[in-house]
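A.B. asks: Quick one: the structure is below, questions incoming.
The values are calculated or read from the model by the stated rules, or taken from the named source; none is laboratory data. Computed from a predicted structure; not experimentally measured. Note: ideal-geometry Cβ built from the backbone for every residue, glycine included; neighbour counts use all protein chains shown. In case anyone asks, the SASA skips ligands and DNA or RNA and just uses the protein heavy atoms, side chains included. Shrake-Rupley method; radii C 1.70, N 1.55, O 1.52, S 1.80 Å.
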Amino acid sequence: MKPEDRVPVWHVAAGLAVCSAAVASGAFDGVHTEVGYEYYAEPTVPGLPTIVAMPANCLVNVAYILLGWHWLASAGRQRGRARYLQEVFALMALAYGPVQWLRLWTQAHRAAVLDQWLTLLIFAWAAVWCHFLEHGWRPGTFLALEGASLASYGLALLHPQGFELALGGHIVTVVWKVFRAQRRLGDATSAGIVALGTVSCLGFVGLKLWDLELARGPLFRRLTGHFWSKICDVLQFHCAFLFCVRLGSPRSP
């Protein structure tokens, strides 16, 4: 591995370490999180270890690892800064699956905080990649975007729904950046990807919010809204890769 190939790994590892240290310090112990099996519609299975107490909700996190591995392995087709952006995003997916699984396994407040914080940073990186497609390499802007994303989690300390407000702002920002990039650089294929990604994002939000309510019906009793929300999340993650890689690749007229 060349020294430059290690840069994305070090950057993601450093970011994860900073967030983990901040969470471990207790700085966010006042944040409201949903901890406990009562917040999930999927019933626990007696006899199973706690690491897979809710089998579907836990094992779906393997999909994030597979997604990250797939896009990390294919990043070699990219060159220069585009490769860096793709590798960082793929490494984020690789890290995100275990963090979410840790939250479900431990049902610990600090694991939930780390999960929430990383969610914001992943959305922010999608906005960074879209900004790169439009304007080229601007590290100062990228640092400002990620810094603002990091700081936005402070809203969770100010209000019980602070995280949801921050997440909503991130989603709106990504949608705006995606539509700008699509308008300037996109084609019919990328428009289809945007449509699928938008539907997936709606599913990601809605199915999670209505997890308990949906479980009252027979279709969501075992594979619950939370599970399908994560499937939608993986799909919107995949769409983000497809969109940015397509718009960043040369195409025949």
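A.B. asks: For residue 22, which of the numbered conditions (1) touching a helix residue (DSSP H, G or I) at 6+ places or on another chain (Cβ under 6 Å); (2) modelled with pLDDT of 95 or more; (3) among the hydrophobic types (A, V, I, L, M, F, W, C) fails to hold?
C.D. replies: Condition not satisfied by residue 22: (1).
A.B. asks: Of the conditions (1) open to solvent by 30 Å² or more (accessible area, probe 1.4 Å); (2) under 19 Å from residue 131 (Cβ atoms), residue 209 satisfies every one except a single condition; which number is it?
C.D. replies: Going through (1) open to solvent by 30 Å² or more (accessible area, probe 1.4 Å); (2) under 19 Å from residue 131 (Cβ atoms) one by one, residue 209 breaks only (2).
A.B. asks: Going by the conditions given, is residue 199 within 29 Å of residue 228 (Cα to Cα) and crowded, with 17+ Cβ neighbours inside 10 Å? First the steps, then the outcome.
C.D. replies: Details: within 29 Å of residue 228 (Cα to Cα): yes; crowded, with 17+ Cβ neighbours inside 10 Å: no.
Considered against the rule, which asks whether it is within 29 Å of residue 228 (Cα to Cα) and crowded, with 17+ Cβ neighbours inside 10 Å, residue 199 comes out as no.
A.B. asks: Restricting the first residue to the stretch 121-146 and requiring it to be without any contact (Cβ under 8 Å) to a residue 60 or more places away in the chain, which pairs with a second residue that is of a type in the set (Ser, Thr, Tyr) and open to solvent by 20 Å² or more (accessible area, probe 1.4 Å) meet a Cβ separation below 7 Å and a spacing of at least six or different chains?
C.D. replies: Hits for this filter: 127/173; 131/141.
A.B. asks: Are there any pairs with C-beta distances below 6 angstrom linking a residue in the stretch 165-182 that is over 8 Å from residue 127 (Cα atoms) to a residue that is surrounded by fewer than 16 Cβ atoms within 10 Å (Cβ to Cβ), with the two at least 6 apart or on different chains, and if so which?
C.D. replies: Qualifying pairs under 6 Å: 181/134.
A.B. asks: So, residue 216, is that one of a type in the set (Lys, Arg) and in a helix (DSSP H, G or I) or not? Let's see the steps before the verdict.
C.D. replies: Working: of a type in the set (Lys, Arg): yes; in a helix (DSSP H, G or I): no.
So residue 216 fails the test.
A.B. asks: What pairs come out if I take residues in the stretch 188-200 that are free of Cβ contacts under 8 Å to residues at least 40 places away in the same chain and pair them with residues that are of a type in the set (S, T, N, Q) and assigned to a helix (DSSP H, G or I) whose C-beta lies under 8 Å away, six or more apart or interchain?
C.D. replies: Sorted first by the residue in the stretch 188-200, then by its partner, the pairs are 191/182; 200/236.
A.B. asks: Given the criterion among the β-branched types (Val, Ile, Thr) and at pLDDT below 95, identify the matching residue among 7, 35. Steps first, please.
C.D. replies: Numbers: 35 fails: at pLDDT below 95.
Just one listed residue meets the conditions, 7.
A.B. asks: Here's something else I'd like to know. Filter the stretch 149-193 down to residues that are among the β-branched types (Val, Ile, Thr) and surrounded by fewer than 20 Cβ atoms within 10 Å (Cβ to Cβ) and give me whichever is farthest from residue 230 (Cα to Cα).
C.D. replies: Going through the qualifying residues, I end up with 189.
A.B. asks: Determine, yes or no, whether residue 67 is closer than 25 Å to residue 125 by Cα and not β-branched (Val, Ile, Thr).
C.D. replies: yes
A.B. asks: Looking only at the stretch 213-229, which residues are open to solvent by 20 Å² or more (accessible area, probe 1.4 Å) and closer than 23 Å to residue 191 by Cα?
C.D. replies: Hits for the stretch 213-229: nothing passes.
A.B. asks: Here is a further query. Would the stretch 147-154 turn up any residue that is at pLDDT 95 or above and outside any helix (DSSP H, G or I)?
C.D. replies: Yes, the stretch 147-154 contains a residue that is at pLDDT 95 or above and outside any helix (DSSP H, G or I).
A.B. asks: I'd like to verify a number: residues in the stretch 52-85 that are part of a helix (DSSP H, G or I) and either touching a Leu at 6+ places or on another chain (Cβ under 8 Å) or open to solvent by 40 Å² or more (accessible area, probe 1.4 Å) (or both), how many?
C.D. replies: So the first thing to find is which residues in the stretch 52-85 are part of a helix (DSSP H, G or I), and the list is 52, 55-59, 62-77, 80-85.
Applying the additional criterion that residues be either touching a Leu at 6+ places or on another chain (Cβ under 8 Å) or open to solvent by 40 Å² or more (accessible area, probe 1.4 Å) (or both) yields 52, 55-59, 62, 64-66, 68-70, 72-73, 77, 80-81, 83-84.
Going through the stretch 52-85 one residue at a time, the tally reaches 20.
A.B. asks: For the stretch 96-104, does any single residue satisfy the condition of being more than 19 Å from residue 10 (Cα to Cα) and not in a helix (DSSP H, G or I)?
C.D. replies: no
A.B. asks: Just checking, which of 31, 88 is open to solvent by less than 50 Å² (accessible area, probe 1.4 Å), touching a residue at least 60 places away in the same chain (Cβ under 8 Å), assigned to a loop (DSSP other than H, G, I, E, B) and of a type in the set (Val, Ile, Thr)?
C.D. replies: One residue alone meets the criteria, 31.
A.B. asks: Ok, one more. Give the residues of the stretch 34-50 that are under 18 Å from residue 160 (Cβ atoms) and open to solvent by 60 Å² or more (accessible area, probe 1.4 Å), sorted by residue number. Break it down stepwise before answering.
C.D. replies: First, pick out the residues of the stretch 34-50 that are under 18 Å from residue 160 (Cβ atoms): 34-36, 38-39.
Those that are under 18 Å from residue 160 (Cβ atoms) and open to solvent by 60 Å² or more (accessible area, probe 1.4 Å): 34, 38, 39.
A.B. asks: Output the residues belonging to the stretch 1-28 that are open to solvent by 70 Å² or more (accessible area, probe 1.4 Å) and farther than 23 Å from residue 125 by Cα.
C.D. replies: Listed by number, the residues that qualify are 1, 2, 25.
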